[in-house]
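Step one of this worksheet: look at the structure below.
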Amino acid sequence: MSRFTLSRRSFLTGSAVASTSALAGCFDPLGDGDSKVRGVLESTNSLTYRVQRMLLGSDDLAREYSESEIRQPQRPNGTTSPSDADYQQLANENFASYRLKLDGLVEKPLEVSLDEIRAMPSRTQITRHDCVEGWSCIAKWTGVPLALLLDEAKVKPSARFVVFGCFDTMENSFDGPVKYYESIDLIDARHPQTILAYGLDGKPLPVSNGAPLRVRVERQLGYKMAKYIRTITLTDSLSGYGTGSGGYWEDRGYEWFAGI
Ligand SMILES: Nc1nc2c(c(=O)[nH]1)N[C@H]1C(S)=C(S)[C@@H](COP(=O)(O)O)O[C@H]1N2
Ligand SMILES: [Mo]
């Protein structure tokens, strides 16, 4: 018995703790290692992918909040201003020549401009972002549901993962400079709250939070939500990316399935 029972209990406790502390808007409750919230994050992190997938219905929604629960701007974290020359050039002209490339295991690879993406049906959601470092922020995100782009590109049946390739180079990596990347499965990719966001709190997404496009994967931790997205690739294996664990931080030991 246990592992499942215990896991399930920590998972449920996780939701309860998360919702009571949500009123703070942006908060950093973790001064030390035995904080309740950190314990919950760590225990949910250790759940296996299979167990979490059993607990989370594929379309269960993450909690959404009201405008009054937005207390301060989304805290920029990780890369906040990519120094990469190709990115800076695009940013200088307000991303007018930016093209999102969607390729890999699809019948119809796409190259779409920001204007084309903004013209697609959008979704706006007020959600809580939980960083593994122990802070959370409630913010309003607007973007195109990733599922719409996947449908447009016609994903091949052999595809299993969506890989986000980013513009920003992580300079301080022990193995030299590498680009940030992330990946999710197709259940999360098609989840109704999974959007490519170009708006934050009613304004264009700022560079510090991932302009021109960043993904929201609302049932997972912050590091899954790739900013500065350049490419989206459908693949049947993560082994060709980074050192094969599915993301920049996963290659450095974080869980690939970072459900909260
Ligand atoms: N490209 C890229 N995406 C990234 C990161 C990054 O450094 N580069 N940091 C991640 C982490 S750890 C967090 S918590 C969130 C921070 O998003 P924010 O800056 O909008 O708060 O972005 C995630 N996505
Ligand atoms: Mo994070």
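The values are calculated or read from the model by the stated rules, or taken from the named source; none is laboratory data. Because the structure is a prediction, the values reported are computed rather than measured. Note that each Cβ is placed from the backbone with ideal geometry, even for glycine, and that neighbours are counted across all protein chains shown. Side chains included, ligands, DNA and RNA excluded: accessible areas come from the protein's heavy atoms. Shrake-Rupley method; radii C 1.70, N 1.55, O 1.52, S 1.80 Å.
Shown for segment 173-260: the carbon plus sulfur share of the solvent-accessible area, taken with all protein chains present and a 1.4 angstrom probe, equals 58%.
Of the GluC sites (Glu not before Pro) found in segment 97-164, those that fall in a DSSP loop while having at most 16 other beta-carbon atoms within 10 Å are Glu107, Glu133. Calculated accessible area for segment 213-253 comes out at 27 Å² per residue, all protein chains present (probe 1.4 Å; ligands, DNA, RNA ignored).
For GluC sites (Glu not before Pro), the sites in segment 52-89 that DSSP calls loop and that have at most 15 other Cβ atoms within 10 Å are Glu64. Averaged per residue, segment 131-172 has 35 square angstrom of accessible surface, using a 1.4 angstrom probe with ligands and nucleic acids left out.
Segment 152-227 to segment 78-144: how many Å between their Cα centroids? Centre-to-centre (Cα) distance: 7 Å. Restriction of the trypsin sites (Lys or Arg not before Pro) in segment 206-260 to DSSP coil positions whose beta-carbon has at most 16 other beta-carbons within 10 angstrom yields no sites. Taking a spot 7 Å from the Cα of Asp236 along the direction of its beta carbon, which residues of segment 179-197 have an amide N less than 19 Å from it? Residues passing the 19 Å test: 184-187. Treating each Cα of segment 217-260 as one equal point scatterer and applying the Debye formula with no solvent, the log10 of I(q)/I(0) at q = 0.23, 0.28, 0.30 Å⁻¹ comes out as -0.92, -1.21, -1.24. Each residue of segment 106-119 is assigned a 3J(HN,Hα), and the resulting list reads 9, 7, 10, x, 10, 9, 10, 7, 5, 4, 5, 5, 5, 7 Hz, derived from the Karplus form 6.51 cos²θ - 1.76 cosθ + 1.60 (θ = phi - 60°), x at Gly and Pro.
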